[in-house]
Ligand code: NAD
């Protein structure tokens, strides 16, 4: 196959599972060397082995994306290993607490916002010094729940973090255009991943739910949730030179779920 990302260097956060894993594998298939960032080395280590078995190159750095020093260290380790940085996929995220606002503790709110929103800011911030000389591409994973579909009852912290990522991504696109750094935001609908592992639904949720008139997760295009590999194809496109005139925009990838 043609290699769209030959000799490029990428950092992918949340690379141990789901969308991040599929994207890391897809970028590597296209010639990128990939730094796999995740909370623990365990799952990212499996992804590294998959990439290497297919002839690619990867390193693993276990990092909490909300920790500034560790995010900076992960990016610097990538640059030390391969000499540069071209692509950042700021993707790590959690659903976190799913509960009515009146029952949500400030600490639970902070945990979701810190992981999803501050984590995105940190990955972009610490990448800039390494990308500003020659340009690059940054892709941020938001969600249809941040801007077009708000039927996830109890997900006020999550939706706020996803809307924040959208605003931040656009500001970053504007600010970094002078360096030829493109920044785009992807908004998946339901995708089959392990995200429910990082979801805490509380019984209080029943107090605020109202019936919606379509089956949860239904997507007109395929009548089921999308796959991480379908999202990875979009990330590949936005990371590559085939999207060279696209910056500061959001791309929905939801099989029209958010139009229902
Ligand atoms: P996932 O749980 O399968 O993968 C997320 C990965 O991020 C996990 O490996 C997890 O360990 C890692 N992670 C979580 N917190 C972290 C932290 N603090 N530091 C470093 N790594 C951390 O879930 P996914 O569905 O692949 O989620 C990826 C992104 O996609 C998230 O931003 C999520 O909000 C977004 N998204 C998912 C869906 C969906 O339906 N699955 C829909 C829209 C948006």
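The values are calculated or read from the model by the stated rules, or taken from the named source; none is laboratory data. Note that the structure is predicted; figures quoted are calculated from it, not measured. We place every Cβ from the backbone using ideal geometry, glycine too, and count neighbours over all the protein chains shown.
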* Qualifying residue in segment 205-219 (condition: within 24 Å of residue 21 (Cβ to Cβ), touching a helix residue (DSSP H, G or I) at 6+ places or on another chain (Cβ under 6 Å) and more than 10 Å from the ligand (Cβ to nearest atom)) -> yes
* How many of the residues in segment 123-136 are more than 21 Å from residue 68 (Cα to Cα) and either assigned to a helix (DSSP H, G or I) or in contact with a strand residue (DSSP E or B) (Cβ under 6 Å, 6 or more places away or on another chain) (or both)? -> 2
* Structure fact -> Only one of (1) within 24 Å of residue 159 (Cβ to Cβ); (2) modelled with pLDDT under 95 does not apply to residue 99, and that is (2)
* Asked: Which condition number does residue 139 fail, the rest of (1) assigned to a helix (DSSP H, G or I); (2) crowded, with 24+ Cβ neighbours inside 10 Å being met?
  -> (1)
* To do: Name every residue in segment 46-59 that is over 17 Å from residue 9 (Cα atoms) and free of Cβ contacts under 8 Å to residues at least 24 places away in the same chain, in order of residue number.
  => 49, 53
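Name the single residue, out of those in segment 21-58 being in a loop (DSSP other than H, G, I, E, B) and within 11 Å of the ligand (Cβ to nearest atom), that is farthest from residue 198 (Cα to Cα). Give the steps one after another, and end with the answer.
Residues of segment 21-58 in a loop (DSSP other than H, G, I, E, B): 30-32, 39-40, 54-57.
When the remaining residues are screened for being within 11 Å of the ligand (Cβ to nearest atom), the result is 39-40.
On the way: 39: 12, 40: 14 Å.
Restricting to residues being in a loop (DSSP other than H, G, I, E, B) and within 11 Å of the ligand (Cβ to nearest atom), the top hit is 40.
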* Members of segment 77-122 that are touching a residue at least 40 places away in the same chain (Cβ under 8 Å), in a helix (DSSP H, G or I) and closer than 30 Å to residue 7 by Cβ -> 77, 78, 79, 81, 82, 119, 120, 121, 122
